[in-house]
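The values are calculated or read from the model by the stated rules, or taken from the named source; none is laboratory data. None of these values were measured; they are calculated from a predicted model. Ideal geometry is used to build each Cβ from the backbone, glycine not excepted, and the neighbour counts take in all protein chains shown. Remember, those area values only see protein heavy atoms, side chains included, never the ligands or the DNA or RNA. Shrake-Rupley method; radii C 1.70, N 1.55, O 1.52, S 1.80 Å.
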Amino acid sequence: MKDEIKHTAHVQGLFVKEVSRIRGFIISMMPGGSEVDDLLQETFLTITAKAGSFEKGTNFTAWAITIARFKVMEHFAKSKKRGLLLGDEVLERLMDEAQEHFSENPQVDLLKRCLGKLSPSVRQMLAQRYARGWKPEKIAAEAGWGANSVYVSLSRARTTLRECIRRQMKGGAA
Amino acid sequence: MTLENLIQRYLDGGLDAEGVADLDKFLRHSEDARKSYWKICEIHCLLDHAFAERSGADWAVPVEQPKSVLPVWISGVLAAVIAVAATWWVIQWQDVPTSSVVATAKGGSEVIERGLLSLAAGEAREITFLTGVRVALEGPLEMELVSRERMKLLYGKIGVEVPKGAEGFTVETPDGEVIDYGTRFGLSVGREGDLRAEVFEGRIDVVIGKKVHRMEGQKSLEVSGHTQSLTPGSDASSFPMPSVKEIWGVGGSFNTPKSYASNRPKIVGGWSGDLVSIAGRYEDVVPRRGNGMLQFQGTSAQADMRSTTVSQLWRIVDLYEVAKKMGRRPERVTLSAWVNSVTGNAQTDRAFRFGLSCHEEITEALDEDSAVTTKVKTSLFSDSDPGTWERADLQLQLPSKLRYLVIMVGASEDVFDDTEGPEFEGHFLDDLDLIFKAGMRPSVDIHYWRGSEGAWENSAKWSENRQPSWDSYVVIQGPGTARIGETVNQNAGHLVIALDNDSEGSLYLPPNKTLNLGSSEGIVGHNQGAVAHAHISGELRTGGRFYVGRNNARSTLLLTGTFISSDLIQLSQYDSTEDTVAELMVEGGSLQAGALRLINDQSSVVVNGGGTIKVDELRLGGDNGEATLTIEDGEVYAKDFILGEGVAKARLNLQGGLLKIEKLHRGEGEFQLNLFKGEIWIKMPVSELADILPNSSRSTRGEWTVYSTY
């Protein structure tokens, strides 16, 4: 019994270590990102409940993402907004191919350097979107813009950041 | 939308069912598309990760409430984690409770919910409560929207207009309240609680503690500490005022069934100009608003005459009248209108023109060229889809001493393929608005950006004697006109007009003034939705690159003076995704540069009024959009002229004047030459030109091959 508690604690510890990847996986599947925290919580609870079935030494992230994947699909099955979601077939394919994209370490430092190069208003918009979890419509209303501008600006900001990170990585390697 | 945009919008939760279906199709069939999906998710997740992390987030804007407590979690030791685990789910980001909408902004296109609203110094907004009460706000300000009939002003300055039926609108202040009985009034509350209320029309009650001040007619009340003084008279100019929208016909939508055709305008009000009429539905074109729209038909007031290549209308507006309606002098005007045309064919002209100018008096031939002290112009091309309307907008600062504003709208020939005249087979304008504003963002904001690594260090108001400092960006944002008080020194810093998304900015460089940017860069219109105008009447000198229109900004550079650049002047940019509008109008001015490049989207150069352009390299079309060079009256000289690169569409219109080229290079893109009048001289033998330009009407003069219409 004691071993079981220890094992569960170990699995929970792994979850904590990998939480940003698991969260990342969920975010990637949830348009708008509204129920991400709930799904992450459910994943955590299931992982705790099923800790016994996790074998030490095997790939924890893969196991956890499988559980998160199950939670996501379960959520979609209940969801009322089906029309605004990708079809199951595509979702399954995407998730099949997810693993390889969650192996690298996130380049947070590079991202921060690149964020510094954006204009303050764009940085503020990203903060509203990601730190506060605002919907683009709310950001738009707050800033006195059209929602479309916000969507376009967010897209453009991400593209700029990707490009900047890519350049920084190149520069760093040289 | 591109695949990348579809994915991004999907992740932001903003893709409609149709878009989702498109994306589904992409992702189903292509592994590469799915790879793109995950690539975008990488940055999406990285941002989420970075912003959720609170420690060391010095680059981020302050965030009052983190979304979750995860970061704390991560940094905690395992034992603590397990203890916390049971409870942390409870601590969730509390979203603002669903509150009802109480007001709108931007002509109803945006909704504002109950709650706090604050503006920084220099910022301004205008909101309309659902009751119809309009409030102009000027920062620094903090307020709360309480309900449709009530707001709280904690500090700041407002101007309020209460229409009939909305009486009783109440503004709470820290020490009392102002109740309105149908009027216009201004109210300012200082951070120390001092208050000033002025009524311009009608009646308000100002309640301070137990005392009620009934203010009627023109009165002002000042409250500071225990002193309360009520005096006759009021001055609207110290308050922001809700903008005034001029409405013609029914909502400016041209529903009145009559022709406006006549000659140039002589009196205030009413449209006059060339032959136009009001049409209902015309082929596939349906009026944008109401059941009528303006149709441009001829280039003269008579049906059988042709005077110019533009079918246009003018209207004179008396700014004194506007000032009366508004309660104070308007400081800025915005013209917005929608245009459309029938499908037509390759010959169908698609250009529309708009102009705003200010005049001291009404003269015999009052048009946008006479007695002008300030003006802006823009043009816009309709697409070949009659199902969509294209929007034009234009802003002008209104100088205080000029009484008359002249508006010009018109359809213009842009495919010079004949001698008969423009093909106005169905050219329409509808939904025209003219919006006057005052007291909104009263001055120009200037931000300094230091060095390449730098952060935004400070922002300051522009003043005439404040000179931009070394190695800094001068960002001109806001409707104020930055007047260059005196010659600015070399290395003045980068000049950016309208930097941020949806910002507006304008620069007017008066005659006899020189602005020298040294080796710094200049940018007119930098970001999505920005609207930037520069009018160079004096002299602008640059040694660095100069950009007009980037990232979907709408930018206009009007040159009636001199512009000398030893480097590149670029209109629009490579990889422009949507609709950057970049325009350079050389109207009697002269431009000299190392290179002038028209890259993408709607980039165009118009030379008229005897203007000149002299460059080593002239590039027409560089990416995938449309680039147009029109010479109406003037001279353009280029050592190397590169025509249509990439998949660009290059259009060269000669309506008069002279184009002189030493060496002509032909790219692989599409190219259209409209030689209507004027001449093209190329210092190349005919044999080398045979594949590039059409064979017709050319002759040889010494080393030059000359193309002309005669």
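Estimated purely from DSSP H runs of n ≥ 4, each contributing -39500 (n - 2.57), the mean residue ellipticity at 222 nm for chain A is -23500 deg cm²/dmol once divided by its residues. Cross-link check: pairs B:K164/B:K219; A:K17/B:K35; A:K17/A:K138; B:K324/B:K401; B:K157/B:K437 evaluated at a Cα-Cα cut-off of 23 Å; pairs beyond the cut-off: A:K17/B:K35; A:K17/A:K138. Going from the isolated chain to the complete set of protein chains, segment B:1-20 loses at least 10 Å² of heavy-atom accessible area (1.4 Å probe) at B:E4, B:N5, B:Q8, B:R9, B:Y10, B:L11, B:D12, B:G13, B:G14, B:L15, B:A17, B:V20. Taking only the Cα atoms of chain A, the radius of gyration and Dmax are 18.7, 59 Å. Of the residues B:K325, B:K210, B:K437, the one with the largest accessible area comes first in the ranking B:K210, B:K325, B:K437, computed with a 1.4 Å probe on protein heavy atoms. Using a probe of 1.4 angstrom and keeping all protein chains present, the accessible surface of chain A works out to 47 square angstrom per residue. Of the whole protein surface, B:H49 contributes about 50 Å² of accessible area at a 1.4 Å probe radius.
Tell me, what is the FRET efficiency for B:E192 and A:I5 to the nearest 0.05, using R0 = 56 angstrom and their Cβ-Cβ distance as r?
The computed FRET efficiency comes out at 0.35.
If R0 equals 25 Å, the separation of the Cβ atoms of B:V286 and B:E18 corresponds to a calculated FRET efficiency of about 0.70.
The length gained on full extension between B:A120 and B:H29, counted as 0.36 nm times the residue separation minus their Cα-Cα distance, comes to 27.8 nm.
For segment B:288-354, calculate the relative contact order in percent as a whole number, restricting contacts to Cα pairs under 8 Å that are 6 or more residues apart. About 17 percent, as a whole number.
Quantify, in whole percent, the carbon and sulfur part of the accessible surface of segment B:538-598 (1.4 Å probe; protein heavy atoms only). Walk me through the intermediate numbers first.
Values: 570 of 1650 Å².
Carbon-and-sulfur percentage of accessible area, whole number: 35.
Angle of helix A:147-173 to the longest C-alpha principal axis of chain A, folded into 0 to 90 degrees and rounded to 10: 70°. Label-to-label distance, B:S519 versus B:K663, with points set 7 angstrom from Cα along the beta-carbon direction: 2.7 nm.
Per residue, segment B:559-710 exposes an accessible area of 37 Å² to a 1.4 Å probe, with every protein chain left in place.
In segment B:515-555, burial by the other protein chains removes 40 Å² or more of accessible area from B:Q528, compared with the chain on its own (1.4 Å probe, ligands and nucleic acids ignored). When the accessible areas of B alone and A alone are added and the area of the pair subtracted, with a 1.4 Å probe, the result is around 7000 Å², both sides summed. The modelled label-to-label distance between B:Q218 and A:K50, using points 7 Å beyond Cα along the C-beta direction, is 7.8 nm.
Residues of segment A:108-135 whose accessible area, computed with a 1.4 Å probe over protein heavy atoms, drops by at least 40 Å² once all protein chains are present relative to their chain alone are A:V108, A:L111, A:K112, A:L115, A:P120, A:R123, A:A127, A:Y130, A:A131, A:R132.
Heavy-atom surface analysis with a 1.4 Å probe gives chain A a carbon and sulfur content of 53 percent of its accessible area.
Note on B:V146: accessible area is roughly 40 Å² with a 1.4 Å probe, heavy atoms of protein only.
Between A:R113 and B:Y320, the modelled labels are 6.4 nm apart [label points 7 Å from Cα along Cα→Cβ].
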